[in-house]
1. Enumerate the aspartates and glutamates that LYS75 could reach by cross-link, defined here as Cα to Cα under 20 Å, with residues fewer than 8 away along the same chain left out.
2. Can you find, among PRO87, ALA24, LEU103, the residue sitting farthest towards the positive end of the charge dipole of the range 24-114, where Lys and Arg contribute +1 and Asp and Glu -1 at Cβ?
3. Which whole-Hz couplings ³J(HN,Hα) result when phi for each residue of the range 94-111 is put into the Karplus expression 6.51 cos²θ - 1.76 cosθ + 1.60, θ = phi - 60°, listed in order with x for Gly and Pro?
4. Report ³J(HN,Hα) in whole Hz for each residue of the range 72-79, in order, from the Karplus equation J = 6.51 cos²θ - 1.76 cosθ + 1.60 where θ = phi - 60°; Gly and Pro get x.
5. Over the chain, give the accessible area per residue in Å² for a 1.4 Å probe, as an integer.
6. State the extension gain, in nm to one decimal, for the chain segment bounded by ALA40 and ARG66, taking 0.36 nm per residue of separation less the distance between their alpha-carbons.
7. VAL5 to THR57: FRET efficiency via 1/(1 + (r/R0)^6), r the Cβ-Cβ distance, R0 22 Å, to the nearest 0.05?
8. If you roll a 1.4 angstrom probe over the protein chains with everything in place, what fraction of the accessible area of the range 1-97 belongs to carbon and sulfur, to the nearest %?
Amino acid sequence: QVQLVESGGDLVQPGGSLRLSCAASGIIFSIKAMGWYRQAPGEQRAFVAAITSGGTTTYAGSVKGRFTISRDNAKNTVYLQMNSLKPDDTAVYYCNGYPVFGLWGQGTQVTVSS
């Protein structure tokens, strides 16, 4: 059974940084492309970033140049480094496969506000 546990969300001021983590279990993590997604209040869940098993990355236009996705296959963990945060980045952040392959975890709340 796939389990995804996100962590690292917090309240941060505009211009600040955060690093999110997602620990995965129940899958052969090293061969899976993984992604980060986010859902802002009143909006649909949206794609943020993805990384293939070989390390190739892709980003949504709104975060390109500010966010960096990475992975540690030894720890079955995918990360999202978020810099130059803006209020529009406020959302619950989730990880899953890319494309989505499992049930969603609980997510982690990121709030960007002064």
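The values are calculated or read from the model by the stated rules, or taken from the named source; none is laboratory data. These numbers were taken from a predicted model, which means no experiment stands behind them. For neighbour counting, all protein chains shown are included, and Cβ atoms are generated from backbone atoms with ideal geometry for every residue, glycine included. Accessible surface is based on the protein model in full, side chains and every heavy atom, while ligands, DNA and RNA are left aside. Shrake-Rupley method; radii C 1.70, N 1.55, O 1.52, S 1.80 Å.
1. Within the straight-line cut-off, LYS75 pairs with GLU6.
2. So the residue furthest toward the plus end is ALA24.
3. Values, residue by residue: 10, 10, 6, x, 9, x, 4, 10, x, 5, 6, x, 7, x, 9, 7, 10, 10 Hz.
4. Karplus values, whole Hz, x for Gly and Pro: 10, 5, 5, 9, 6, 10, 10, 10.
5. Here the residues of the chain average 51 Å² of exposed surface.
6. Length gained between ALA40 and ARG66: 7.6 nm.
7. 0.50
8. Details: 2220 of 4780 Å².
Looking at the range 1-97 in its full context, I get 47 percent from C and S.
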